[in-house]
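Shown next, in structure tokens, is the structure this report addresses.
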């Protein structure tokens, strides 16, 4: 059970590390082969591109999990903590709705890509499977937003989510 908890708590970190590692390995192979034999393997370029794409989308979910996404909060500084929390909640609800909208729209495109598969030129994988990261990452971002609220609510620290002046000091 402890293993599953560690995996859940570090899921995005592990995936980002894996995808960035694969990308770096593929690019190293390309550079070494171009220097030594003057040519490279086509599949390494494609795999590094797909790894980069997956690392970016999983990294976006990781930023949300860590609270590292961009938020403009200066306009809320003079307001009370309760008002700040209300505006943060409203903004996050809008963000979750946007995420779900993007996930549903991208899922429709992916379903079409699975029905009429387009194969990648060198790896031979269906591109819709590569693009599956888009709806998955937007759902994962929404999950991590909801998880933040739940965790802070359980600890009784919801107000700490909007105490910006304490983060600076």
For the pair residue 43/residue 80, report the inter-label distance in nm, with labels modelled 7 Å from Cα in the Cβ direction. 6.4
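In deg cm²/dmol, rounded to 500, what helix-only [θ] at 222 nm does the chain give when every DSSP H run of at least 4 residues adds -39500 (n - 2.57) and the total is split over its residues?
Details: 7 runs with 127 residues, N = 169.
After summing the helix terms and dividing by the residues of the chain, the value is -25500 deg cm²/dmol.
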Region 71-169: equivalent-ellipsoid semi-axes (sqrt of 5 x gyration tensor eigenvalues, Cα, Å): 39, 12, 12
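Rounded, prolate or oblate: which fits region 1-98 when a ≥ b ≥ c are the square roots of the eigenvalues of the alpha-carbon gyration tensor, with rounded for a/c under 1.5 and prolate only if a/b beats b/c? Can you show the working numbers first?
Numbers: a/c = 3.85, a/b = 2.31, b/c = 1.67.
Note, shape of region 1-98 comes out prolate.
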What angle do you read, to the nearest 10 degrees and between 0 and 90, between the alpha-carbon axis of helix 133-155 and the longest principal axis of the chain? 30
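How high is the relative contact order of the chain, in percent, counting Cα pairs under 8 Å that sit 6 or more residues apart? Display every interim value, and only then the final one.
Numbers: 139 pairs, mean separation 40.9, N = 169.
After rounding, I find 24 percent.
Kindly identify the chain as rounded, prolate or oblate by the Cα gyration tensor criterion: order the square roots of the eigenvalues as a ≥ b ≥ c, call it rounded if a/c is under 1.5, otherwise compare a/b with b/c, prolate if a/b is larger, else oblate. Please list the in-between numbers first.
Working: a/c = 2.53, a/b = 1.91, b/c = 1.32.
Prolate, because a/c is 1.5 or more and a/b exceeds b/c.
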In whole angstrom, the spacing between the Cα centers of region 70-92 and region 108-169 equals 23
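A short reminder: the numbers here are calculations on the coordinates, not readings from a lab. Predicted, not measured: the structure shown is a model, and the values here were computed from it. Here Cβ is always computed from backbone atoms with ideal geometry, including for glycine, and neighbour counts include all displayed protein chains.
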